[in-house]
Amino acid sequence: MPRKLIIDGKEIEAEDNLTLLQACEQAGAEIPRFCYHERLSVAGNCRMCLVEWVGAPKLQASCSLQVKDIFPNKDGTPAKINTNSPAVKKGREGVMEFLLINHPLDCPICDQGGECDLQDQAMGYGRAAFHRFAENKRAVADVDMGPLIKTVMTRCIKCTRCVRFATEVAGVPELGATGRGEDVEITTYLEQAFGSELSGNIVDLCPVGALTSKPYAFHGRPWELKHTESIDICDAQGCNTRIDTRGRSVMRILPRLNEGINEEWLHDKGRHIGDGLGRQRLDKPYVRKNGKLVPSSWADAFAAIAARVKATEPDRMAAIVGDLAAAEEIKALKDLMIRLGVVHLDCRQDGAKISGPRPAYLFNTTITGVDAADALLLIGCNPRWEAPVLNARLRKAWLNGGLKVANLGVPVDLTYPVEQLGTSVEVLNALADGSHPFAEVLRNAKRPMLILGNGALARRDGAVVLERAARIARETGMIGPAGTPADGGWIGFNILHTAASRVAALDLGFVPGQNPDGTGGRDVAGIIDGAQKGEIDFIYLLGADELPLENIGRPFMVYQGSHGDVGANYADVILPGAAFTEKDGLFVNFEGRVQEAERAVFPPGEAKEDWAILRALSDVLGEALPYDTLADLRAALVAELPHYGRIGEVPLWQGADPAVWNSLGADGVFETDVPIGQAISDYYLTNPIARASRVMAECSRVLLCGGDQKVAAE
């Protein structure tokens, strides 16, 4: 219910459930704060947000006072709130003086300098005169929080933002306060590294320099950096990021605000892989001669490819798209392969048995739709590693709405209560026919959902798993009418991809085609098997580095990519491409939202943008692609897929179309002796950029291997 207030002489109406701080900001007042944060619980520690409630005996902390607690004056007129009166000004100056009593004056060497809330607010709200505290300043021992977070705890002002984030959002209650009064210290209880995939966010939250980025420490100042908007490609959620560069170097990666995707959070791998962008790079073409890769010119590399293509029948050629490719180069490669008559195409490096109409491979509930769910079945996925920011949203749904979660697969700590259903694929039959107890939970839920991961889809019986999952969705009410949850619509069937390129590649149909004789093309497993048997003589790898190539035989392999990873080691010709920070590209996240990553720096050496490499190669092969600029290519992309012209929009809900949901997967027999596994074995080393990163190697060693096992980036 709205309540009238007079704030700085301006009468407004504010909802009862708002804090006074929020109401003041609605009225246009600026309220300083250190401990308050919109996404965390209210602590009321810093007292910087003091305002004057006219008639009250003292100043009020506006963050901890709700509008409903402010009663009208005795004559019935609205309560008066002053945010900039002399009393408020004096109160804030006093608070700032107390905050600075023990704070070290080391701004010139603090990485937070230039981005420090304490620095800014001391200038805006502090006293100009010298403070009155003459005793020695207190010193506090630093805390080891692992490879990513640098601590200088003497600077800490005890706002507890980091503690509340760890407990409430990350779900890892390893941070807390010990001691009382002046002896309070923020620390890890067990003196160990902060074990969360979202730990870097506490650096963003810290309003002083107590917590800073260890990999970025002493590398630059904020005013030296150029900012470029981009997209995270370390998983398929598509978190919005900002790339900070200096010259031709990526200095750091930070999250951007997007309420519909990542709110304001970013997972640690997406935040800290920046050093991997400059290591193990491919910066010139290579051609294998006498068994060794030697540097070459672009013309010689293209000539070697053209000679082999000319000597190879289309039925003995194949192409595979990797996990980090943008939509533009995927389309260019597909168009080139079609012109050459190649039908052995695939984008599913992990062998996931999924294709078909678009709703069949999307996260249909959408990321924001998760907030409305009240029951969830996880099948062969670990969202904490496969999409950490989505996992935080699932935790929020559990905290706010009591989301009931069951997991079929490897038991993992997901930071919220989970009912373990085992690892046997036979449980799917019991859930589909309604005999399993959790099937009743799903049927009784208003908005049930399931998330199907690659740990289940990449099995040899993945198509059967998909069919059973679709049946469970139909039988438990997950497939409802079209529309958003606010409109009464609901679709609870979701696929959780782990590759940033996967949805775009499926949209573009980069899957096995049809031979002229009517037989189907080969998938990844078929291509590798054919190469081993000598039936595939030519393979084009577009950044494909997650393939088992050890026993692939000796087909002629072309690798186009940015890093000297697995694919490059087995290649006969290497074409140096651009990393995601070095090109303009469209990426489609797992909910089907098209987003644009802008170029932040130029590729090193002779490396080129991937679509341009394919366009130049098509000329040499005599099959010139019909676009000469990125704008032309995107126009062709939009002509084929019109929704690619609507950047940033979430796709329309599909509704309960029986033709879609009744045709998914294939009926068959399960491999009951094979337990349901998970897609990722090491969160920190899942792609070529991460494997080239020293920071990620150290995180893997310390946080996953206990610090004993050495993990090299090379």
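The values are calculated or read from the model by the stated rules, or taken from the named source; none is laboratory data. Quick caveat, the model's predicted, so the values are computed rather than measured. Because the Cβ atoms are built from the backbone with ideal geometry, glycine has one as well, and the counts that use them run over all protein chains shown. Just so you know, the surface numbers come from the protein's heavy atoms only, side chains and all, with ligands and any DNA or RNA stripped out. Shrake-Rupley method; radii C 1.70, N 1.55, O 1.52, S 1.80 Å.
Within segment 113-160, restricting attention to residues that are without any contact (Cβ under 8 Å) to a residue 24 or more places away in the chain and touching a Ser or Thr at 6+ places or on another chain (Cβ under 7 Å), which residue is surrounded by the fewest Cβ atoms within 10 Å (Cβ to Cβ)?
Ala139
Pull up segment 132-164, narrow it to residues that are of a type in the set (Ser, Thr, Tyr) and touching a strand residue (DSSP E or B) at 6+ places or on another chain (Cβ under 9 Å), then point me to the one that is farthest from Leu105 (Cα to Cα). Break it down into steps so the answer makes sense when it comes.
Step one: filter segment 132-164 for residues of a type in the set (Ser, Thr, Tyr), giving 151, 154, 160.
Now drop any that are not touching a strand residue (DSSP E or B) at 6+ places or on another chain (Cβ under 9 Å), which leaves 151, 160.
Details: Thr151: 16, Thr160: 21 Å.
Applying the filter and picking the extreme gives Thr160.
Restricting attention to segment 70-83, which residues are surrounded by 12 or more Cβ atoms within 10 Å (Cβ to Cβ) and over 11 Å from Leu5 (Cα atoms)?
Matches in segment 70-83: Thr83 only.
Since Pro359 meets every condition but one in (1) out of contact with any helix residue (DSSP H, G or I) (no Cβ under 9 Å at 6 or more places or on another chain); (2) assigned to a helix (DSSP H, G or I); (3) open to solvent by less than 30 Å² (accessible area, probe 1.4 Å), which condition does it not meet?
The failed condition is (1).
For segment 409-443, enumerate the residues that are surrounded by fewer than 18 Cβ atoms within 10 Å (Cβ to Cβ), hydrophobic (A, V, I, L, M, F, W, C) and part of a helix (DSSP H, G or I).
If the condition is that a residue be surrounded by fewer than 18 Cβ atoms within 10 Å (Cβ to Cβ), hydrophobic (A, V, I, L, M, F, W, C) and part of a helix (DSSP H, G or I), then Ala430 is the only one that fits.
Hey, among Leu408, Leu466, which residue is in contact with a Lys or Arg (Cβ under 7 Å, 6 or more places away or on another chain) and within 21 Å of Phe670 (Cα to Cα)?
Details: Leu408 fails: in contact with a Lys or Arg (Cβ under 7 Å, 6 or more places away or on another chain).
Of Leu408, Leu466, the one residue that is in contact with a Lys or Arg (Cβ under 7 Å, 6 or more places away or on another chain) and within 21 Å of Phe670 (Cα to Cα) is Leu466.
hydroxyl-bearing (Ser, Thr, Tyr) and under 29 Å from the mean Cα position of the chain (by Cα) - does that describe any residue in segment 642-649? Reasoning before the result, please.
Of the residues in segment 642-649, the ones hydroxyl-bearing (Ser, Thr, Tyr) are 644.
Next, only the ones that are under 29 Å from the mean Cα position of the chain (by Cα) stay: 644.
Yes: one or more hits.
Give me the pairs, please: first residue somewhere in segment 336-347 and farther than 13 Å from Gly622 by Cα, second residue anywhere and among the hydroxyl-bearing types (Ser, Thr, Tyr) and outside any strand (DSSP E or B), beta-carbon distance under 7 Å, and either six or more positions apart or on two chains.
Cys347/Ser501
If I ask for residues that are open to solvent by 10 Å² or more (accessible area, probe 1.4 Å) and under 27 Å from Gly526 (Cβ atoms), which ones from segment 571-586 would you list?
Of everything in segment 571-586, just one residue is open to solvent by 10 Å² or more (accessible area, probe 1.4 Å) and under 27 Å from Gly526 (Cβ atoms), namely Asp572.
Could you please find all residues in segment 396-408 being under 17 Å from Arg447 (Cβ atoms) and surrounded by 16 or more Cβ atoms within 10 Å (Cβ to Cβ)? Even if it seems obvious, please write down each step before you answer.
Residues of segment 396-408 that are under 17 Å from Arg447 (Cβ atoms), as a first pass: 396-406.
Passing the criteria: Lys396, Ala397, Trp398, Leu403, Lys404, Val405, Ala406.
Consider segment 534-554. How many of its residues are over 26 Å from Ala500 (Cα atoms) and either of a type in the set (Asp, Glu) or modelled with pLDDT under 95 (or both)?
As a first pass, look at segment 534-554 and keep what is over 26 Å from Ala500 (Cα atoms): 534-537, 551, 553-554.
Within this subset, residues satisfying the condition of being either of a type in the set (Asp, Glu) or modelled with pLDDT under 95 (or both) are 534-535, 537, 551, 553-554.
Residues meeting the conditions: 6.
Looking at (1) open to solvent by 50 Å² or more (accessible area, probe 1.4 Å); (2) among the hydrophobic types (A, V, I, L, M, F, W, C); (3) assigned to a loop (DSSP other than H, G, I, E, B), which one does Ala635 not meet, given that it meets all the others?
Exception for Ala635: condition (3).
From the list Glu649, Glu640, Glu606, exactly one residue is under 23 Å from Arg358 (Cα atoms), modelled with pLDDT of 95 or more and open to solvent by 60 Å² or more (accessible area, probe 1.4 Å). Which is it?
Of the residues listed, the single one that is under 23 Å from Arg358 (Cα atoms), modelled with pLDDT of 95 or more and open to solvent by 60 Å² or more (accessible area, probe 1.4 Å) is Glu640.
Does segment 210-232 include one or more residues that are closer than 22 Å to Cys159 by Cα, open to solvent by 10 Å² or more (accessible area, probe 1.4 Å), part of a helix (DSSP H, G or I) and in contact with a strand residue (DSSP E or B) (Cβ under 6 Å, 6 or more places away or on another chain)? First the steps, then the outcome.
Initially, segment 210-232 is screened for residues closer than 22 Å to Cys159 by Cα, giving 210-214.
Checking which are open to solvent by 10 Å² or more (accessible area, probe 1.4 Å) leaves us with 213-214.
The next check asks that each one be part of a helix (DSSP H, G or I); those that pass are none.
The answer is no; no qualifying residue exists.
Is segment 557-570 home to any residue that is under 18 Å from Val524 (Cα atoms), out of contact with any strand residue (DSSP E or B) (no Cβ under 8 Å at 6 or more places or on another chain) and open to solvent by 10 Å² or more (accessible area, probe 1.4 Å)?
Within segment 557-570, one or more residues are under 18 Å from Val524 (Cα atoms), out of contact with any strand residue (DSSP E or B) (no Cβ under 8 Å at 6 or more places or on another chain) and open to solvent by 10 Å² or more (accessible area, probe 1.4 Å).
May I ask you to say which residue of Glu224, Glu197 is under 13 Å from the mean Cα position of the chain (by Cα) and more than 24 Å from Gly648 (Cβ to Cβ)?
Details: Glu224 fails: under 13 Å from the mean Cα position of the chain (by Cα).
Selected residue: Glu197, the only one of Glu224, Glu197 that is under 13 Å from the mean Cα position of the chain (by Cα) and more than 24 Å from Gly648 (Cβ to Cβ).
Quick check on this structure: which one of Asn45, Asn82 is more than 29 Å from Leu211 (Cβ to Cβ) and of a type in the set (S, T, N, Q)?
Asn82
Which one of the conditions (1) crowded, with 24+ Cβ neighbours inside 10 Å; (2) more than 19 Å from Leu394 (Cα to Cα); (3) modelled with pLDDT of 95 or more does Leu450 fail to meet, given that it meets all the rest?
Looking at each condition in turn, Leu450 falls short on (2).
If a residue must be small (Gly, Ala, Ser) and either open to solvent by 30 Å² or more (accessible area, probe 1.4 Å) or within 31 Å of the chain's Cα centre (by Cα) (or both), how many such residues does segment 1-39 contain?
2
Of the residues Arg39, Arg3, only one is touching a residue at least 60 places away in the same chain (Cβ under 8 Å) and not in a loop (DSSP other than H, G, I, E, B); which?
Of Arg39, Arg3, the one residue that is touching a residue at least 60 places away in the same chain (Cβ under 8 Å) and not in a loop (DSSP other than H, G, I, E, B) is Arg3.
Residues of segment 180-209 being charged (D, E, K, R) and out of contact with any strand residue (DSSP E or B) (no Cβ under 6 Å at 6 or more places or on another chain), which ones?
Arg180, Glu182, Asp183, Glu191, Glu197, Asp204
Is there a residue in segment 365-373 that is of a type in the set (Val, Ile, Thr) and in contact with a helix residue (DSSP H, G or I) (Cβ under 6 Å, 6 or more places away or on another chain)?
yes
Among what's in segment 243-253 and is of a type outside the set (Val, Ile, Thr) and surrounded by 17 or more Cβ atoms within 10 Å (Cβ to Cβ), pick the residue that is nearest to the chain's Cα centre (by Cα).
Initially, segment 243-253 is screened for residues of a type outside the set (Val, Ile, Thr), giving 244, 246-249, 251-252.
Then drop every residue that is not surrounded by 17 or more Cβ atoms within 10 Å (Cβ to Cβ), which leaves 244, 251-252.
On the way: Asp244: 17, Met251: 19, Arg252: 16 Å.
Looking at the filtered set, the residue picked out is Arg252.
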